[in-house]
Amino acid sequence: MAENMLCSSSHEYVYEKDGYYYIGLTDYAISQLGDIVFVELPEINSTYTKGEIFGTIESVKAASEIYMPIGGKVEEINEQLIEKPELLNENPFEDMWLIKISAPHFEEDSKDLKEYSVYKEEVE
Amino acid sequence: MARTYLYNNHIKLGAKMVDFAGWEMPVQYTSILEEHNNVRKNAGLFDVSHMGEIFVTGADALNFLQNLVPQNVEKLIDKKALYCQFTNENGGIVDDLLIYKLKENDYLLIVNASRLETDHNWLLKNKKAYNVNIENKSDIYSMVALQGPKASQILSEIGIPINEQPKTFYITEAKLLNEDVYISRTGYTGEDGFEIIIRNEKISELWETILEKGKPYNIMPIGLGARDTLRLEAAMSLYGNELNENTSPVEANLSWTIDKDKTQNYIGKDIIMSQLKNGTDKRLIAFKMLDRGIARHEYGIFYNNEEIGKVTSGCIAPFIGQNIGLGYIKTDKNLKVNDTIQIKIRDKMYNAMITTKDFITKHNKGN
């Protein structure tokens, strides 16, 4: 588990590693969704501001939008999830990041995010 | 919210509970996909106690029912089930239901939970001078559905030998756990299977017995999530999605449930007969996605950039491994099976193909 993981109220997480920021869905979000059958991720090099919708995740029951916990430019997407969305259910959530971004405004954008342990207490 | 007499059983099994038509029901126990596939491969047990049981008896019971449905109830032989709809003055569907003929002028009606109160009122409103007793016994009875290719073997394990089991679309009155029960060979999954009606007080014991005896057959409890994907994969309509008061059986692709030669009048007959003759402005179609995308309720259906209808149900069809759906389209384009249409998903167009309504062929025929 990344020690510096921060979470949004819409259940996205972000952590920093080697100067990049990894964004994904919390274990709570994944357990609430159930079987994930479809993931739509953004184009590489597209930029989003904090709070913008950058993708969609679909369980058997419903489609949900995914929001940027912080703003930034998409450097890489987790390609394997496009073909195998079920990996989100089958693997530790912190390994199954959705996008990797560069985030020049991390300090400012991350002010309202909560540490994972605090977030976890609040949702459970 | 109301709870069925199996609520504690669901909690014990770790079910995720949701609100369905005012009932607190299990949506899944483990995984919708796993539950779905287990019903196709082995067997599953569903709590359907929220559904309504209405008994119609009396000297005019047959004539009373004949006035309410486009099917010909007169043709129904003892112990046989008939799938039909209550239609309103405009030919719209008040509810879809099963009518079982228990014996002469003695019928059991199984109706949707979401429509029970409306249905009961509909029956009372149309009772008029008919000499009938209308008894809503939904508060007395609970119901489970045992579905899947292993269902018949499991039923024999709990005391109903194969040769005493009802045939497909028949009902039998039997003794189970020293209790009088109704067992019908019906369901909402596209599989062989049974629905068992028993008094509330005995349902928990029945549930546990079936799960216990079904263990060697890999039975699983199944939630409403998989109930929905199973019925959609079997291309069956759901009241509230495909069927409503503004949609007729002709539009809903249920013309096979209309007896064209029925001489008796029934509510909405003029409109329904005229629709059969002259056609309708909209009709229900089945489709499968060609592009990668999942159609959902209320998404637009397009043809040549024109919106021609709406999706009523859509999902991943777990067993056949395709994304499928049902929806209504305008008939003026004369679209047919194998024609390509588009589904608008989050502002983008995705290709889909109109198909016949046989996503799964019934691979396990009952008896």
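The values are calculated or read from the model by the stated rules, or taken from the named source; none is laboratory data. These numbers were taken from a predicted model, which means no experiment stands behind them. Cβ sites come from the backbone with ideal geometry, for glycine too, and all protein chains shown count toward neighbours. Quick note on the areas: whole protein, heavy atoms, side chains included, nothing else; ligands and nucleic acids left out. Shrake-Rupley method; radii C 1.70, N 1.55, O 1.52, S 1.80 Å.
Normalised by the number of residues in chain A, the mean separation of alpha-carbon contacts (under 8 Å, six or more apart) gives a relative contact order of 31 percent.
I want to check the label-to-label distance for B:Glu117 and B:Asp339. Put each point 7 Å from Cα in the C-beta direction and report it in nm to one decimal. If labels sit at B:Glu117 and B:Asp339, their model points lie 4.1 nm apart. Rounded to the nearest 0.05, the FRET efficiency derived from the C-beta distance between B:Leu211 and B:Ile11 at R0 = 22 Å is 0.90. When the trypsin sites (Lys or Arg not before Pro) in the stretch B:81-174 are filtered for DSSP coil states and for at most 10 other beta-carbon atoms within 10 Å of their beta-carbon, the remaining sites are B:Lys128. Tell me whether the stretch B:53-136 comes out rounded, prolate or oblate; compute the Cα gyration tensor, take square roots of the eigenvalues as a ≥ b ≥ c, and use a/c under 1.5 as the rounded threshold. It is rounded, given that a/c, with a ≥ b ≥ c, falls under 1.5.
Annotation note: GluC sites (Glu not before Pro) in the stretch B:1-89 located in DSSP loop regions with a Cβ neighbour count of at most 12 within 10 Å are B:Glu89. For the stretch A:21-124, the number of Lys pairs separated by eight or more positions or lying on different chains, with C-alpha atoms closer than 28 Å, is 21.
Modelled label positions at B:Met349 and B:Thr168, each set 7 Å beyond Cα in the direction of Cβ, lie 4.1 nm from each other. Per atom type, the protein assembly as shown shows carbon and sulfur on 46% of its accessible surface, probed at 1.4 Å. Past the 29 angstrom mark, what percentage of all C-alpha to C-alpha distances in chain B do you count? Taking all Cα-Cα pairs of chain B, the fraction more than 29 Å apart is 43 percent. Estimated purely from DSSP H runs of n ≥ 4, each contributing -39500 (n - 2.57), the mean residue ellipticity at 222 nm for chain B is -5500 deg cm²/dmol once divided by its residues. Accessible area per residue for the stretch B:281-367 is 49 Å², calculated with a 1.4 Å probe on protein heavy atoms, without ligands, DNA or RNA. When only Cα pairs under 8 Å and 6 or more residues apart are kept, what is the percent relative contact order across chain B? Result for chain B is 18 percent. Applying 1/(1 + (r/R0)^6) with r as the Cβ-Cβ distance of B:Lys175 and B:Tyr83 and R0 = 25 angstrom yields a FRET efficiency of 0.35.
Taking 0.36 nm per residue of separation and subtracting the Cα-Cα distance, full extension of the segment from B:Asn90 to B:Asn133 would add 12.8 nm. Rounded to 0.05, the FRET efficiency of the A:Val118 and B:Lys288 pair, given R0 = 56 Å and the Cβ-Cβ distance, is 0.80. Annotation for A:Ile53 and B:Leu124: the two label points, set 7 Å from Cα along the Cα-Cβ direction, are 4.4 nm apart. Residue separation of B:Glu74 and B:Glu24 scaled by 0.36 nm, minus their Cα-Cα distance, works out to 14.2 nm of gained length. Across all directions, the shadow cast by the convex hull of the protein assembly as shown built on its C-alpha atoms averages 25.1 square nanometres.
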